[in-house]
Amino acid sequence: MNTTAASPMSTATSSSGRSAGKSVSFAAELQSMMFSLGDARRPLHETAVLVEDVVHTQLINLLQQAAEVSQLRGARVISAEDLLFLMRKDKKKLRRLLKYMFFRDYKSKIVKGIDDDDLLEDKSGGSNNSNKRQKIAQDFFNSIDQTGELLAMFEDDEIDDVKQERMERAERQTRIMDSAQYAEFCESRQLSFSKKASKFRDWLDCSSMEIKPNVIAMEILAYLAYETVAQLVDLALLVRQDMVTKAGDPFSHAISATFIQYHNSAESTAACGVEAHSNAIQPCHIREAIRRYGHKIGPLSPFTSAYRRNGMAFLAC
């Protein structure tokens, strides 16, 4: 989205999109998250740093877009409505976000001690204040949805294929774990950006923004950050699988020229690290996944986003 108005974001950012938040790092947490999402038990630090940079850059760009939308409608803060508006074109990911928002409402009710009968009644009624996130989304879609397509998603119980695949992968991953490894895996699965809200705000340098995200917007941003990590791991695992030469497949050698150039370069030795022989995701897998995601080329089309901004396809929305 382009606008001639002054940017609501701070201009004091570096080339990677970081400013004061540059000193804050989620690399250690990302290593644990990546393990829980299908990477090796000890993900490479170099890969986690690259993933962090990609996620951070994408969220800063998303915040820029959301701030512009918020400014155009005369709001003083970035709210859930601004992020929902930006995600409206990708129905699958929007549906997943709506389910997350419902889950957050559900969790809030449990924390407040409401019993199961009340939960079911509130879900059917949809008017209780404890359904505030769901109500925000419904009211917003009521105001912009002329076809009923967006509102229909609240009644949609379609199985999330992506989430199902991740659950199946996690199940296969845990089959060979001993009790100590499984305990570590379970702990890693509990990690999220939302559980470190203050650090997450500092990481995004929200204090320097003229139009700041409110609490629910920060919840959504934390969710999108985790989804971006998950999608990077999903795609990197597919890339790594493609790099394995398959016996009897005459096309197994026909991999990306970009990957070959990067993998064989001097930079690759440092970027992929001395542990290139391990089963950990390498930085070159992440780079190739991003390259494929941005191009709709025949069989690579599953990597393609519904839309892109600033020349780079958004992974989470």
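Is region 164-203 rounded, prolate or oblate when judged by the Cα gyration tensor, a ≥ b ≥ c being the square roots of its eigenvalues, rounded requiring a/c under 1.5 and prolate requiring a/b larger than b/c?
In terms of gyration-tensor shape, oblate.
On a 22 Å Cα-Cα criterion, which of the cross-link pairs Lys99/Lys195; Lys92/Lys199; Lys112/Lys195; Lys91/Lys196; Lys107/Lys132; Lys92/Lys163 come out too long?
Among Lys99/Lys195; Lys92/Lys199; Lys112/Lys195; Lys91/Lys196; Lys107/Lys132; Lys92/Lys163, the Cα-Cα distance tops 22 Å for Lys92/Lys199; Lys91/Lys196.
Grab the other residues whose beta carbon is less than 12 angstrom from that of Lys107, score K and R as +1, D and E as -1, and report the net.
Local net charge: +2.
In whole percent, and with a 1.4 Å probe on the protein chains, what portion of the accessible area of region 140-252 is carbon and sulfur?
That share works out to 53 percent.
The values are calculated or read from the model by the stated rules, or taken from the named source; none is laboratory data. Treat the numbers as computed from the prediction; the structure is a model and nothing was measured. Neighbour counts are summed over all protein chains in view; Cβ atoms, including those assigned to glycine, are modelled from backbone coordinates with ideal geometry. Protein only, heavy atoms only, side chains kept; ligands, DNA and RNA dropped before computing areas. Shrake-Rupley method; radii C 1.70, N 1.55, O 1.52, S 1.80 Å.
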